[in-house]
Amino acid sequence: MQVIGLEECSASPRSLVGGKAAALGELIRLGEQVPAGFCITTAAHDLPRTEIVAAYRSLGGGPVAVRSSAPDEDGPDASFAGQYDTFLDVEGPDALLEAVAACQRSASAPRAVAYRGARSDAPGSPIAVIVQRMVAAEVAGVLFTANPLTGCRAEMTVDAAPGGGPAVVDGSGPVDHYVLRSEPAGPAAGGCLTVELLLALRGAGERLQGHFGVPQDVEWAVDASGELWLLQSRAITTLFPLPPPSEDLRVYLEFGHVQGMLQPVTPMGMSTLKALVTAMLKPLGLHVEITDIGGRLYGDMTDLVRDPKARKRLVKLLAVDFGPRAQAAIRHVMDDPRFAPVPGRAKQGGTPSPATAARAVFGIGRALARPAAARERLAAVVERIRLAAAASDPGTRLAASPSAELAADPGGGLKAGPGRGRAERLRAVREWESAESPDDLVWPIAAGMLAAAGPEYLLRGRAGPDEIRVALGGMPHNVTIEMDLALWRVAQGVGEHRELLLGTPAAELAGRYRDGTLPDIGLGGFLSKYGHRGAAEVDIGVPRWAEDPAPVLAAIQNYLRVTDPGQAPDRRFARAADRAERTLRELRRKNRPAGFLLGRARELAGLREAGKFAGLYRLQQMRRELLAVGAEILDDPADIMFLTIDEVDDVPAREVIEARKAVHRREMRRRVVPVALLSDGTDVEATLPVDEGAELRGVAASAGRVTGRARIVRDPAEAYLEPGEVLVTATTDPGWTPLFLTAAALVTETGAVMAHGPTVAREYGIPAVICVQGATERIRTGEVVTVDGRAGTVIRG
């Protein structure tokens, strides 16, 4: 079939008629008012001139609209809005044939190719073409059955303009904007739509969303007789997924950025992270239900927000790890009358017992009294955890390429040892617990954090936060800093292999390392100590550096581009440490107790990374066990990460796994993740005002002022960062910190002052501004920016 009527398209394969024609055919089947027309299918490889002209004449001739209908267009994951050409008021057979051919050619236009290129799972051309009778519109526009700006599913929005509607779709002129809520629409004073039309649009929106099951983006037009015509209906693809259904309005706070990750978590990793976040909040006396929304970890904060006692300290507690953006969102929620305090709402639990409190006092006091001994005890605990994880399966070595054949290689392949069955491996994953007492790990870290926080209060009025942050720069005893400097030393020792490393893509170098053809540059020794790490490392479903060292090799390439000896990372770190010691001496003269605490902070606060570093050994071991099981039950062992632990014994159908992987790929492309989300889909931050000026405001996190060219980086494995460039990214975790060694400054969209990224930035002595909303979209690579880590601003131009 080369040319078919629109009314036939709802029953036709999407691959034949495309997404837009299929949706229009469905609207006709439902009895909605749709302009008559026909579809030139993807089977029409050559232009069927005779059939097209005959179908055009059957419409009665006259002006028509010619629009694309690609198989990948108007789908649930991508709209392809504006990627293909549309032609309006086309009249006459010759003009129609020319417009159809031009519409088909637009599938190969650079913008469409680039759009598909950004979506690796999107197919290409050919495309179908729709021809419809033009509506002589008095007014036209777009209806969204959910608010596309805030995500609120309880609101519809309408944009309308007099005439045929191009001003609304292409943004070429002013439009009237309406927000439709559950209550009856109010008077449309001064607008181009009457209350009756708004009610008709809301009714149409309710019908379409009810039928298709998801919020819809609907194009419409009204003719001179007042008849409402529907021109298109497609899913809104930009909305963040909804929280689970609830009877009352609830508020959720995103927890992933605490660990420096906004990418979606694999299903297998979700359960691990839920336990991790719950354990993290327990010492704060908070009980929060962890919820999976869009593959991200959200905590249900509703009961805490509505509890009169808990809300008094909630915003202050969020400053520790969640940062100012989360604080601002929750403060806004607490001002919302829908979240007015209700006595007795907070769940009990999480309050430290008297015995735990006593152990905390003793452990923190002992660490402050003898910090060197505390560091030794902590190091011993970390080493025992490492050995326990390694010894839990003597026949298993580090995984180097889990989705390929499981065999030993230079990176340490995964090879199942004898006598370890599936049940035993799964039991090790489910039941493994360290016999170590957490005291020698937890309390030295807590002591360091308390020692770093106290001086700001003791020095109030005599020294500012910037001086204190300088005194906390160049911090020793930080395993992440030691890791970065160790990698710098690897880069300095590549010798004759420098050109090979600089001239070969990092992914190719990683492949050569795995197959044993990469020259020995000391990478194996580095990975033997740090190979259990990686970006987004708290997700058990993400490969470690030992499995895929491409990000490590990309960092080495960046280090090799440093030609100014003064910018060498070890020298920069040494300068930061020297400034810190000089500032510390000054602060001691101003206040001896504050000076004492800062001195102890310099001896203990660097241990902050040690707890996570130790825990990653356990995650690596769990990952090894799961991949070994995956090799027994799946074609690709790595697919086990798209199961839950409860599904391993009864694996769902292959289609289920592939669907989860497709959702994961879609969510990986998402650039904006709400910091706080209401159960009706509202992104709380989207309701707050945003300063759109040249000066972007954030939170001062590391003092200093630098001007340089910006570099937007979304994946450390593919990062190309010239020395002196400003690193701009959504968030960071320790897997990103090797990039800091060549960056002139750091700008992130999320974070807290005491989070991983800002802490490491201070220790390297580079300026950092965090919580700059929309930084990766508002700043462009190559743009000159000035980062003021003291004022908390990023000035463009």
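Which net charge results for the neighbourhood of ILE712, defined as the other residues with beta-carbon distances under 12 angstrom from its beta-carbon, given Lys and Arg at +1 and Asp and Glu at -1? Mind dumping the intermediate values first?
Working: positive: ARG671, ARG709, ARG711, ARG714, ARG778, ARG780; negative: ASP715, GLU718, GLU725, GLU749, GLU777, GLU783.
Net charge in that neighbourhood comes out at 0.
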Report task. Could you rank LYS661, LYS529 by how accessible they are, 1.4 Å probe, largest area first? Result -> LYS529, LYS661
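Can you tell me the FRET efficiency between ARG582 and ALA355 if r is taken as the Cβ-Cβ distance and R0 is 56 Å, rounded to the nearest 0.05? Mind dumping the intermediate values first?
Details: r = 43 Å, r/R0 = 0.77.
Result of the calculation: an efficiency of 0.85.
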**Report entry** In Å², nearest 10: area of TYR178 left accessible to a 1.4 Å probe
**Finding:** 30 Å²
Query raised in the report: Points 7 angstrom from Cα along the Cβ direction at ASP89 and VAL784: gap in nanometres?
Result: 4.6 nm
Query raised in the report: Which pairs, out of LYS309/LYS590; LYS316/LYS661; LYS20/LYS661; LYS274/LYS309; LYS274/LYS612; LYS529/LYS661, put more than 27 Å between their alpha-carbon atoms?
Result: LYS309/LYS590; LYS316/LYS661; LYS529/LYS661
Query raised in the report: With all protein chains present and a 1.4 Å probe, how do PHE573, PHE38 order by accessible area, largest first?
Result: PHE573, PHE38
Query raised in the report: What nm value, rounded to one decimal, do you get for the distance between GLU777 and GLU383 when each label is placed 7 Å out toward the C-beta?
Result: 5.0 nm
Requested in this report: Could you tell me which label, among (1) 220; (2) 187; (3) 169, carries the value of volume of the Cα convex hull per residue in Å³ calculated for this structure?
Outcome: (2)
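When only C-alpha pairs under 8 Å and at least 6 residues apart count, what is the relative contact order of the chain, in percent?
Working: 1561 pairs, mean separation 101.0, N = 797.
Over the chain, the number comes to 13 percent.
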**Report entry** Vicinal HN-Hα couplings computed from phi for the stretch 576-583 (Karplus, 6.51 cos²θ - 1.76 cosθ + 1.60; Hz; Gly/Pro x)
**Finding:** 4, 5, 5, 4, 4, 5, 5, 5
**Report entry** the stretch 470-485 - phi-based ³J(HN,Hα) in whole Hz, Karplus 6.51/-1.76/1.60, Gly and Pro as x
**Finding:** 4, 5, 9, x, x, 6, x, 6, 9, 5, 6, 4, 4, 5, 4, 5
Query raised in the report: How many nm is it between the label spots at ALA391 and ARG670, if each spot is 7 Å from the Cα in line with the beta carbon?
Result: 4.3 nm
Query raised in the report: Given H placed on each backbone N at 1.01 Å, which residues far from VAL139 in sequence or on other chains put an amide H within less than 5 Å of it?
Result: GLY163, VAL222
Query raised in the report: Assuming R0 = 56 Å, what is the FRET efficiency of ARG313 and GLU8, from their Cβ-Cβ distance, to the nearest 0.05?
Result: 0.30
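Rank these residues by their accessible area, most exposed first, probe 1.4 Å: CYS192, CYS152. Working shown, then result.
Values: CYS192 40, CYS152 10 Å².
In descending accessible area the options line up as CYS192, CYS152.
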Query raised in the report: Along the Cα-to-C-beta direction of GLN33, a point sits 7 Å from the Cα; which residues of the stretch 203-235 have their amide N less than 15 Å from that point?
Result: 203-205, 219-232
Report summary line: Taking a label point 7 Å from the Cα of PHE362 along Cα-to-Cβ, the residues of the stretch 603-625 whose backbone nitrogen sits under 16 Å from it are none
Report task. Indicate, rounded to the nearest 5 percent, the antiparallel portion of the DSSP beta bridges found entirely in the chain. Result -> 90 percent
Requested in this report: Please calculate the 1.4 Å probe accessible area of TYR720, with all protein chains present, and give it to the nearest 10 Å².
Outcome: 100 Å²
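The values are calculated or read from the model by the stated rules, or taken from the named source; none is laboratory data. Since this is a predicted model, take the numbers as computed values, not measurements. Neighbour counts are summed over all protein chains in view; Cβ atoms, including those assigned to glycine, are modelled from backbone coordinates with ideal geometry. Heavy atoms of the whole protein, side chains included, go into the accessibility calculation; ligands, DNA and RNA do not. Shrake-Rupley method; radii C 1.70, N 1.55, O 1.52, S 1.80 Å.
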